[in-house]
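Participant: Please see the structure below; I have some questions.
Quick note: the coordinates plus some simple rules give every number you see, no bench work behind them. Since we're looking at a predicted model, the values are computed, not measured. With ideal geometry, Cβ positions are generated from the backbone for all residues, glycine too; neighbour counts draw on all protein chains shown.
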Amino acid sequence: MANREPHDGPILEIDNLSISFFTRMREIPAVMDFSCTVQPGEAMGLVGESGCGKSTVALGVMRDLGVNGRIVGGSITFRGRNLNAMTDEVLRELRGSEIAMIYQEPMASLNPAMKVGKQLMEVPMIHEKISAREAFERALEVVTDVRLPDPKRMLDSFPHQLSGGQQQRIVIAMALMANPSLLILDEPTTALDVTVEAAVVELVKDLGKKYGTSMLFISHNLGLVLETCDRICVMYSGEAVETGSIKDVFNKMRHPYTQALFRSIPLPGADKNARPLIAIPGNFPLPHERPPGCNFGPRCDYFKTGLCDAQDIPMAAIKGHDRHSSRCLRFTEIDWLAPRALPSGKAKGSVGNPVLKVDNLKKYYEVAANSMFGGGDTKVVKANETLSFEAHEAETLAIVGESGCGKSTLAKVLMGLETATDGQVFLDNRNIEATRIEDRDTSTVSSIQMVFQNPFDTLNPSMTVGRQIIRALEIFRYGNSEAERRSRMLELLDLVKLPRAFADRMPRQLSGGQKQRVGIARAFAGGARIVVADEPVSALDVSVQAAVTDLLMEIQRNEKTTLLFISHDLSIVRYLSDRVMVMYLGHVVELGDTDQVFSPPYHPYTEALLSAVPIADTSVEKQHIVLEGDIPSAMNPPPGCPFQTRCRWKSEVPENLCETRIPPMRRLADGHEIKCHLADDILMRMAPVIKISAELHNSLSVRRQVRSRAT
Amino acid sequence: MDPMSWTGTLGPILNPLIVASIAVFFLAFLTQAVMIFAGMRPGEVVITPDQNHGISIPRSPVDYTLMAMKYAILVFLACIVLFFIAGVFQSDLTDQGVVGAVGARFLPVWIALIITFTVSIRFKRVLGLYGKLFDSPIGMVGFFLVMFWVFTAIFAGLVATHGPIDVISQMRNEVPGAFIPNSNEGDFPAYLLGGDNLGRDVFSRMVHGAREVLQIAPAATLFAFMIGITLGLPAGYFGGKMDTVITFIANLVLAFPVILLFYLLVTPEIVLAGVPQYMSMVLFIFPIIFFVVLFNSRYHTQPTKRAILLAVVLVTGALCYFSLISDRGDSDSPLRFWPEVLDIFDIPGNLLIVFVSVVFVNSPTVFRIVRGIVLDIKTRDYVAAGQTRGEGPWYIMLWEILPNARGPLIVDFCLRIGYTTILLGTLGFFGLGVDPESANWGSTINEGRRLLTIYPHPPLAPALALMTLVLGLNLLADGLREESLKD
């Protein structure tokens, strides 16, 4: 490895850093007065909502701010050398060898036209001028270190031949090739599935220890930071608002924004009726419209006029804590232990009769090798296998699973965009599985509607918001005149709590959360009775997530809508759903009440999924279950049980049953079914994945009582 | 009488300035190149580390040469503008000089341009993409050049000094600025840019040529777009066999040599067999289909509104369509069924051929562009939202997808008008275009070609005109692309 002069001070020291972007019109400050220190071997988490400047800090450390970006103040010191003053040549020497960066999208970081091995070998060959043979040896070693199976074959493949998880491992390997002193990870797992994410996070943690690398871990996910980092820095609107050790910030937070952030994420113990989430009011300020004084002021519960908006607020150290400081003038006055003001608990809506019934639904696709002449082999993709479930009126049924599990296909069949291969779907005792959407009557179409995942994609960018809702009303044959439809449209905007003036706005003038509200209004235009919500909040920032989730729940209570909530995020599922259906490779592997699914006995996949989801709560102890490998392709599913390739309980089943026969659906308790070969006594032995410390446990049991009283 | 000078009375003052500015420009350019090779760099932005983040740029010698080049260009342009302005205020032709006189003739165009730019810049914030064009200097230059020729086409009658085919035999191959001997009272007394080999005024032919070119090129491009869009949308949206077949045909047309196709289209046997007419029958029905589907898909939920709109589209569409393809007066035409009373306009056979061939050659490319954009946009959630609320495929294609494909399409439209203009020139150059007397730039260049070595001025004027128009369209497209990406 490179000869580096020894250095004992901190690896990275950022001091009062300010970064601005210069446009033709004005200077846009992206980061203001940011300081942090990363000690050798330490992992620093940088958390904040999108647009808060966390990625800009990372790019600033790399000195890669583009043409418009400039460091306008402060200094960045890396191993005692001032990065600000370095020339391009010196920086080139540094980047990739002493500071390495891992980005969010693995495929974008790899050259698609170059074999993986060659890309890895380039790093030491450029920086250390070693021979190709040596570089190959090193590549082989590092690829083995990132736990990729069959390293030789990996080095000899092109990036597109690998799965997303494998690609990200290769990117990590590339970063480690030069044995850097500092590793910057910018949302490294956001594009991956949860179980794959858990494995990658585990890997990063272990490698950090093994190589002694310091890390700057950028994420919007507090749970992930809790699992990976030693220290954390919370950013808001271009400023660090609180920094300290994980323990201090999570348990003894001293900034109102941090507190509000924790109150808006669904932790175990939150409940949609008894303990609803508290959304942060208002919107994130745009960089050139920041308020005077405290940036968080206008949204803060503890705001005091004349104090908080009168001056620039410096970071202040908190006495008695280890390097813990907060950018708040009032943190000594605020009573941090005061219980939060609970919004009045809402009565649980009563669940009605079954509205939707799915019986043995199958959906197979035939994929032909040659589209023009139809010849060649045809392959069958089994997207959905024997799905059976019921959904009741005013109920939230969560459909949980990772990519490729068939949840989107299920949604398509329900909507009528595809027809079922076999089985039946009843809507109010009418069969709809074979009727395509063109052949459905208006009332059927309008009673099943969908809310989409990506807020930036869900609205047509060249039509006003009002026009789009009116179009939905037109197609659902609502009203006889334009005026009637317009007034209904305004009512719908009221329903989703948007100002009526938004009717004439273009979608680009709306924020992500607002767009998602318009999407919800559009889905309810025809009085939908079943709403399929496909990850409706996963692309939103945490503080907005809570508000949109709350809105969905409130509409559901009032309209008695059945909500099919598709998600991979088990925290939010636990928070809002009544029943949960877990899917894997087209199969329903577990189905039951939320409490039944979230407590043992589990299906082995559910168990792994629960363990994989990061929880931002220090009092939660998790059992560590890391699944080996990736999700098999639906084109080529394993024989027998779909989960057998990654199952850790497989050895407990006699006679190789898992590899030969698909397990039947078994009833464990009333309304609780799983698809597994495991014997009853083994299932009963399973320990809970998530253990919660005593204090929280009490509140949970209170919640259970509330729930049992309600039913 | 001697011909007038190029620069008139201002010449002795401004000409040395122009020469000097050109010399300075090249000198500065050379010095700068040498300095860059020697390792000098332009000054970098330095930010003062105080509260206000003031910016200062220390200048290096390279910056000074760059500045010199910039000012040289500005001086050069200022001199040209001065000639034009002076021309407007001087009344005597000898005082004005050729440049000044040309500038004076274009007076209506200058006025129109000034009005357009003042109004547009004043209201640019409310004019959408068009308004944003005025934020981009490149787009503004392009728009200026394009609008210059558009206004010239509109005011051709006022700008031109003579008719496009007026012949004065003494003026054959006369140099620019030559006076007409014994000119009548009231007629313009000189040929500003000289005469061609038949004794026609080169300047007037160039001005009238603008009208010819701008009448055909945008209309032909528009038709090519309608066809490309009407075929590209379903091919991209539905995919499958239909896509394969249409794409295959488009590739076939693209692979066929364009010039050969043109020659085939004007071969007398083929014209007599009515092939261009039949082709026009097919090609021109697409716009009607386009508009019918457009309104039907949007208003099928409101029967009365739909009926009215469709009736309007169908009646006007049919009237234009049949007037276009059928020609009673032309005894050679195979399509002569449409009664004379309803026949609003006829298109001369030659022009129809040009139109058909331009549309035929351009639409496959447009088809490919549209298909590509549709393949991208159809994966968006708002398309899925349209499908899940039961919209028909044509509504989704025309109202959800097409408006969002407008950026690249507008840009390509500008570029394609440029290609079409060149194509018209090529056609004219081969003698395939419109009638041989026509002032069309392509034909004029072709005519002047023969005596190019002796008398270069007759083809030079239309060639420069063609160049500036195409350049303007390209710059306009660049500006539009740049501005449509921001937001």
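Participant: Which loop-located trypsin sites (Lys or Arg not before Pro) does segment A:71-155 contain, where loop means any DSSP state but H, G, I, E or B and the Cβ has at most 12 other Cβ atoms within 10 Å?
Facilitator: For trypsin sites (Lys or Arg not before Pro) across segment A:71-155 that sit outside H, G, I, E and B with at most 12 neighbouring Cβ atoms in 10 Å, the list reads A:Lys129.
Participant: Any idea how far apart A:Arg467 and A:Ser35 come out in nm if each label point goes 7 Å out from Cα toward Cβ?
Facilitator: Taking the two extended label points, one gets 5.2 nm.
Participant: Follow-up. Tell me which lysines have Cα within less than 22 Å of B:Lys124's Cα, excluding those fewer than 8 residues away on the same chain?
Facilitator: B:Lys132, B:Lys486
Participant: Give me the distance between the Cα centres of segment A:545-611 and segment A:239-297, rounded to whole Å.
Facilitator: What the calculation gives is 25 Å, centre to centre.
Participant: Calculate the tail of P(r) for chain A: the fraction of all Cα-Cα distances greater than 50 Å, expressed in %.
Facilitator: When every Cα pair of chain A is considered, 16 percent fall beyond 50 Å.
Participant: Pull up the DSSP beta bridges for the protein assembly as shown and report the antiparallel fraction as a percent, rounded to 5.
Facilitator: Antiparallel: roughly 65 percent of the beta bridges in the protein assembly as shown.
Participant: How compact and how long is segment B:204-451, expressed as Rg and Dmax of its alpha-carbon atoms in Å?
Facilitator: Rg and Dmax of segment B:204-451, Cα atoms, are 19.8, 68 Å.
Participant: Another question, if that's okay. Pick out the long, greasy-scoring helices in chain A: whole DSSP H runs spanning 15 Å or more along their own axis by Cα, mean Kyte-Doolittle at least 0.0.
Facilitator: Taking the DSSP H segments of chain A (at least 15 Å long, mean hydropathy at least 0.0), we get A:116-127, A:164-176, A:194-211, A:465-475, A:542-559.
Participant: Return the calculated 222 nm mean residue ellipticity for chain A, to the nearest 500 deg cm²/dmol, obtained by summing -39500 (n - 2.57) across DSSP H runs with n ≥ 4 and dividing by the residue count.
Facilitator: Mean residue ellipticity at 222 nm (helix-derived): -9000 deg cm²/dmol.
Participant: Once amide H atoms are built 1.01 Å from N in the peptide plane, which residues 5 or more positions from B:Gly194, or in another chain, come under 5 Å H to H?
Facilitator: When sequence neighbours closer than 5 places are left aside, the close amide H contacts are B:Gly177, B:Ala178, B:Val202, B:Phe203.
Participant: Would you mind ranking A:Ser462, A:Ser219, A:Ser75 by Cβ crowding within 10 Å, fewest neighbours first?
Facilitator: Ordered by Cβ neighbours within 10 Å, fewest first: A:Ser75, A:Ser462, A:Ser219.
Participant: Over chain B, what is the mean sequence separation of C-alpha contacts under 8 Å (at least six apart), divided by residue count, expressed as relative contact order in percent?
Facilitator: Dividing the mean separation by the residue count of chain B yields 18 percent.
Participant: List A:Cys36, A:Cys676 from most exposed to least, where exposure is judged by having the fewest other Cβ atoms within 10 Å.
Facilitator: Neighbour counts put them in this order, fewest first: A:Cys36, A:Cys676.
Participant: Now, a different point. What does the charge dipole of segment A:84-157 about its Cα centre add up to, to the nearest 20 debye, if the Cβ of each Lys and Arg holds +1 and the Cβ of each Asp and Glu holds -1?
Facilitator: Magnitude of the dipole: close to 280 debye.
Participant: On to the next question. What helices does chain B hold that run 18 Å or longer along their axis, going by alpha-carbon atoms, with a Kyte-Doolittle average of -1.0 or more, using DSSP H for the helix calls?
Facilitator: Correct list, ordered by number: B:11-37, B:61-89, B:107-122, B:137-154, B:202-238, B:240-255, B:285-299, B:303-325, B:349-377, B:406-429, B:457-485.
Participant: Arrange the following residues from fewest to most other Cβ atoms within 10 Å of their Cβ: B:Val282, B:Val207, A:Val200.
Facilitator: Lowest to highest Cβ neighbour count: B:Val282, A:Val200, B:Val207.
Participant: Right, another one. Check A:Glu621: other-chain or 5+ apart residues with amide H under 5 Å from its amide H, H built from backbone geometry?
Facilitator: Residues meeting the amide H criterion: A:Lys691, A:Ile692, A:Ser693.
Participant: Here's a follow-up. State which entries of A:Lys209/A:Lys691; A:Lys205/A:Lys247; A:Lys497/A:Lys622; A:Lys54/A:Lys129; A:Lys382/A:Lys515 exceed 28 angstrom in Cα-Cα distance in the structure shown.
Facilitator: A:Lys497/A:Lys622; A:Lys54/A:Lys129; A:Lys382/A:Lys515
Participant: Using alpha-carbon positions, what is the distance between the centroids of segment A:643-690 and segment A:398-414, in Å?
Facilitator: 22 Å
Participant: Right, here's the next one. For peptide A:459-472, how many partner chain Cβ atoms fall within 10 Å of a residue's Cβ, on average?
Facilitator: 4
Participant: With a/c under 1.5 counting as rounded, go ahead and sort chain B into rounded, prolate or oblate using the C-alpha gyration tensor (a ≥ b ≥ c being the square roots of the eigenvalues; past the cut-off, prolate if a/b is larger than b/c, else oblate).
Facilitator: oblate
Participant: Check each of the GluC sites (Glu not before Pro) in segment A:238-321 and keep only those in coil by DSSP with at most 11 other C-beta atoms within 10 angstrom; list them in order.
Facilitator: When the GluC sites (Glu not before Pro) of segment A:238-321 are filtered for loop state and at most 11 Cβ neighbours within 10 Å, nothing remains.
Participant: Contact order normalised by length for segment B:162-277, with contacts defined as Cα pairs under 8 Å and 6 or more residues apart; what percent is it?
Facilitator: For segment B:162-277, the relative contact order is 17 percent.
Participant: Next question, about the same structure. Set the Förster distance to 25 Å, then compute FRET efficiency between A:Lys252 and A:Asp301 from the Cβ-Cβ distance, nearest 0.05.
Facilitator: Efficiency, rounded to the nearest 0.05: 0.85.
Participant: Okay, moving on. Can you list residues from other chains, or at least 5 along the same chain, whose modelled amide H is less than 5 Å from the amide H of A:Leu216?
Facilitator: Here A:Met44, A:Leu183, A:Ile184, A:Leu185 satisfy the definition.
Participant: With just the Cα atoms defining each centre, how far is segment A:613-641 from segment A:88-136? Give it in Å.
Facilitator: Spelled out, the Cα-based centre of one part sits 31 Å from the other.
Participant: Over chain A, what relative contact order in percent results from Cα pairs under 8 Å that are six or more residues apart?
Facilitator: The normalised contact order for chain A reaches 12 percent.
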